[in-house]
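First the structure, in the form of structure tokens, and then the observations on it.
The values are calculated or read from the model by the stated rules, or taken from the named source; none is laboratory data. No experiment lies behind these values; they were computed from the predicted model shown. No Cβ is skipped: glycine too gets one built from the backbone with ideal geometry, and neighbour counts run over all protein chains shown.
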Amino acid sequence: MEKACCRKDHKKGIEKFENPSIESNFSKRTLRNSKNNSYSKSSILQGIGYGLIPHAGCIAFIIFAILGVTTATAIFKPLLMSAYFFYTLIALSLVFATISAMIYLKRNGGTAKQHWKYLSILYGTTMIVNLLMFTAIFPYAANAISTGEIGNAQIKLQVEIPCPGHAPLIMDELKTINGIGETKFSTPNIFDVSYDSTKTTKEEILKLKIFETYKATVLS
């Protein structure tokens, strides 16, 4: 019985030795899977990077606004004054992703159809990062800018901003008025502003220069 088993194992070993294509195919398959995994990780990281890079100026503006560095925020403010600025950023992030995709295809050969997994992850991640920036990060950051106390009067404003990404700009401008207290932003464009009525008025708030670009309507 033992001899028969030994003979079988010996025979399998000879078959493997005589037919190296079995091992070769297995090695190729393992290498291919390993490459696919590394390409997936690479495309995710690149997508995150290309989604974030265009927003670097906005992120810097928010950080400086929270820290109260007015000189630094003044540098980035002109960019945010454009109604189409954030749409330009999305287009820019897609341009970066496309350049990366072209370099990838040139380096690895083949067509876009053959590398559809890599490309779909790259573009998908880039768009998800942009979506998160507009729907979650920028609105949250806008409320982080407000550090004042609740005033004895309130005004609810609907401001015609093109997207929630402009909310930090509005919040930062409101802070320039003496007497403005806690301000809260709600998507898509609502600002609840509390203020000290002995120091400022609704009329003064509505006279802010920013509201010449983005019209503000009093809701209550």
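Numerical summary
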read-out: Failed criterion for residue 204 (all others in (1) without any contact (Cβ under 8 Å) to a residue 60 or more places away in the chain; (2) surrounded by 15 or more Cβ atoms within 10 Å (Cβ to Cβ) hold); value: (2)
read-out: Positions within the range 100-123 being closer than 13 Å to residue 49 by Cα and either at pLDDT 85 or above or among the aromatic types (Phe, Trp, Tyr) (or both), in sequence order; value: 123
read-out: Residue 124 vs. criteria on the phi < 0 side of the Ramachandran plot and either assigned to a helix (DSSP H, G or I) or not assigned by TED's automatic domain parsing to the domain that holds residue 214 (or both); value: yes
read-out: Residues within the range 164-212 that are among the hydroxyl-bearing types (Ser, Thr, Tyr) and not in a strand (DSSP E or B), tallied; value: 6
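One line per residue, one yes/no per condition, for (1) farther than 30 Å from residue 199 by Cβ; (2) part of a helix (DSSP H, G or I):
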| residue | (1), (2) |
| --- | --- |
| 118 | yes, yes |
| 139 | no, yes |
| 143 | no, yes |
| 156 | no, no |
| 162 | yes, no |
